[in-house]
Amino acid sequence: MKLTKLLPAVALIVASHSAHAAYQLNVSIALSPQDPIAQAMESAKQAIAERSEGELTIQIFPNSQLGSDEDVIEQIRSGANIAILVDAGRLSEYQPELGILSAPYLVEDHRDYSQITTSPLYLDWVEGLAESSGLRLLNYNWFQGSRQMLTQNEVNTPEDLNGVRVRTINSPVWVKTIEAMGATPTPLPWSEVYSALQLGSIDGAEAQLTAAEGQNLHEVITHVALTNHIHLMTGIATSEQWYQALPEELRSILDEELLSAGDAASQATSDAQASVRERMEAAGVTFSEVDMDVFRDRVGSVYEELGYDQYRDQLLSSE
């Protein structure tokens with residue numbers, strides 16, 4: 001697919017008033033086109049085009065085609081007409097409190113996030129993020145799955161992870177979580193994980209099953225430990241400058257359709273877990289149940305080190 005030139009918000013304002021131009025938002029995701037998240041976004045793309053009568057169009061770029069998450073976020077902060085599906089851990093660089101949404105064992109079920117993300121505390125963080133960084137977090141209801149340990153050797157306890165180099169996301173809450181679980185955290189772009197496992201530069205990865213299958217990781221790992229250490233909820237962030245330049249009606253269409261698509265994607269992701277596991281087992285991968293309480297006890301230090309204790313208490317009390 002040929003990538004269109006990414007227009008800054010000022011240029012978009014001018015272009016949108018020409019005879020045939022429309023507002024366009026380019027959405028970057030790290031997942032494959034087959035992932036339930038990508039498929040739900042395609043549905044949202046059609047709905048937004050129809051409701052806006054072509055005034056607002058969405059282009060989706062899977063497999064990090066627009067660049068690494070870090071690079072894309074910087075483009076967004078500069079006012080580019082881009083959005084990214086991102087976890088709160090990456091956004092904590094700009095609004096530290098948001099990092100708790102990616103903290104380990106925060107909730108028992110991914111559906112519990114809906115209570116958190118409608119709380120006044122969370123909404124204050126969203127506004128703070130927009131003001132301080134130029135990033136507008138449109139929603140936070142895209143469940144990508146529960147994170148598991150994918151390794152070459154069987155893992156049952158934290159001790160089994162000693163010295164094991166595990167790929168994770170490059171943000172403090174993720175790195176500290178994997179370290180507390182007993183492994184050696186090794187941040188890498190998601191697109192590089194397959195080759196890193198194949199070449200032996202890492203020993204494992206932590207990921208949700210749908211994403212792992214989308215990258216064919218079952219070809220380069222042999223074991224999955226069902227740690228469920230993070231229920232990976234994510235959201236769509238775009239440029240505050242670009243977003244505020246949209247007419248109010250188009251902002252409403254964008255917000256409503258992406259929120260609806262996030263709910264649909266989350267349900268599809270949840271429904272897909274069993275069948276993905278079956279396919280991975282058929283490919284020779286061994287799954288093991290673990291005592292999650294043992295791992296849960298180990299990661300309590302993450303909340304203390306990052307100062308998340310106070311936020312957890314406030315979020316839980318707001319529920």
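A few comments on the model shown:
- Helix 36-51 and the long axis of the chain differ in direction by around 10°, with both axes built from C-alpha atoms.
- Proximal charge balance of GLU131 [Cβ under 12 Å; K/R count +1, D/E count -1]: -2
- Normalised alpha carbon radius of gyration of the chain [divisor 2.2 N^0.38 Å]: 0.99
- Percent antiparallel among DSSP beta bridges (both partners in the chain, rounded to 5): 50 percent
- Between amide H atoms placed 1.01 Å from N, distances below 5 Å from VAL27 occur with GLN59, ILE60, PHE61, ALA83, all of them 5 or more places distant or on a separate chain.
- Sorted on the mean count of surrounding Cβ atoms within 10 Å across their residues, most packed first, peptides 130-142, 171-183 read 171-183, 130-142.
- Kirkwood radius for the stretch 59-166, taken over all pairs of different Cα atoms as the inverse mean of 1/r, rounds to 16.1 Å.
- Entry note, the chain: relative contact order of 25 percent, from Cα contacts under 8 Å with a spacing of 6+ residues.
- In the chain, the longest principal axis of the Cα atoms and the axis of helix 120-133 are about 70 degrees apart.
- Gyration tensor (alpha-carbon) shape descriptor, the stretch 215-281, a/c threshold 1.5: prolate
Every number here is computed from the coordinates shown, using simple stated rules; none is lab data. Keep in mind the model is a prediction, meaning the values are calculated, not measured. Note: ideal-geometry Cβ built from the backbone for every residue, glycine included; neighbour counts use all protein chains shown.
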